[in-house]
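J.: Take a look at this one; I'll ask things after.
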Amino acid sequence: MLHDAEFWVLLGFIVFLGLLLYVGAHKKIAKSLDDRAARIRAELDDARKLREEAAQLLADYQRKRREAEGEAAGIIEGAKAEAERLATEAKAKVAEFVERRTKMAETKIAQAEAQAAAEVRAAAAEAAVAAAEKILAKEAKGKLADELIAKGIEDVRQKLN
């Protein structure tokens, strides 16, 4: 009884397997599996290459970033030094300008004082001459008076100027 249905199923299965072996299905299956393994291996190699390229790009970008940061720090330091130099120059120029203006003002003041003193002396001389002329005109008369007045006026002018 074992031979009835089970035997025929076993026999059909064995014939099916024999037919598959005869047709070469096992070679096609093995080739398909090998092709698939090769495709997976190629994809893994590509993925490894891409990962290596990505790691190289990352390293390059990190190096470039560090270089850029260093360059930026150098530029900042240079700008700070330039700003300090310009500030120092500006302070020196302002101090020089103030000193020049102060000297000009002092010179103008000294000139004004000298001119005022000269004007005061001239006014005093004129007043003295006028006063002497009036006094001599009242007290001295004649030719002697005229000579004394002229001589006195001339002496006063020479001494005051």
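The values are calculated or read from the model by the stated rules, or taken from the named source; none is laboratory data. All values reported here derive from a predicted model rather than from experimental measurement. Cβ: placed from backbone, ideal geometry, glycine included. Neighbour counts: every protein chain shown. Please note that ligands, DNA and RNA were not included when accessible areas were found on the heavy atoms of the full protein model with its side chains. Shrake-Rupley method; radii C 1.70, N 1.55, O 1.52, S 1.80 Å.
J.: Express the accessible area of the chain per residue in Å², computed with a 1.4 Å probe while the remaining protein chains stay in the model.
T.: Per-residue accessible area for the chain comes out at 88 Å².
J.: Most fluctuating residue of GLY78, GLY18, GLY70 in a GNM of the chain with Cα springs under 10 Å: which is it?
T.: GLY18
J.: Something else: For every other residue with a beta carbon closer than 13 angstrom to the beta carbon of GLY74, add +1 if it is Lys or Arg and -1 if Asp or Glu, then tell me the sum. Write out the running numbers ahead of the final one.
T.: Working: positive: ARG66, LYS80; negative: GLU67, GLU69, GLU71, GLU77, GLU82.
Here the charged neighbours net out to -3.
J.: Here's another thing I want to ask about it. Return one number: the angle in degrees, 0 to 90 and rounded to the nearest 10, between the long axis of the Cα atoms of helix 5-23 and the longest principal axis of the Cα atoms of the chain.
T.: Around 60 degrees separate the two axes.
J.: Compute the angle between helix 25-139 and the longest alpha-carbon principal axis of the chain, please, reported from 0 to 90 degrees and rounded to the nearest 10.
T.: Its long axis makes an angle of about 0 degrees.
J.: Something else now. Counting only C-alpha contacts under 8 Å and six or more residues apart, can you give the relative contact order of the chain as a whole percent?
T.: The value is 14 percent.
J.: Sticking with this one: On C-alpha positions alone, give me the angle between the axis of helix 142-160 and the longest principal axis of the chain, in degrees, nearest 10.
T.: With rounding to tens, the tilt is 20 degrees.
J.: Please report, as a whole percent, how much of the solvent-accessible surface of the stretch 7-143 comes from carbon and sulfur atoms (probe radius 1.4 Å).
T.: 65 percent
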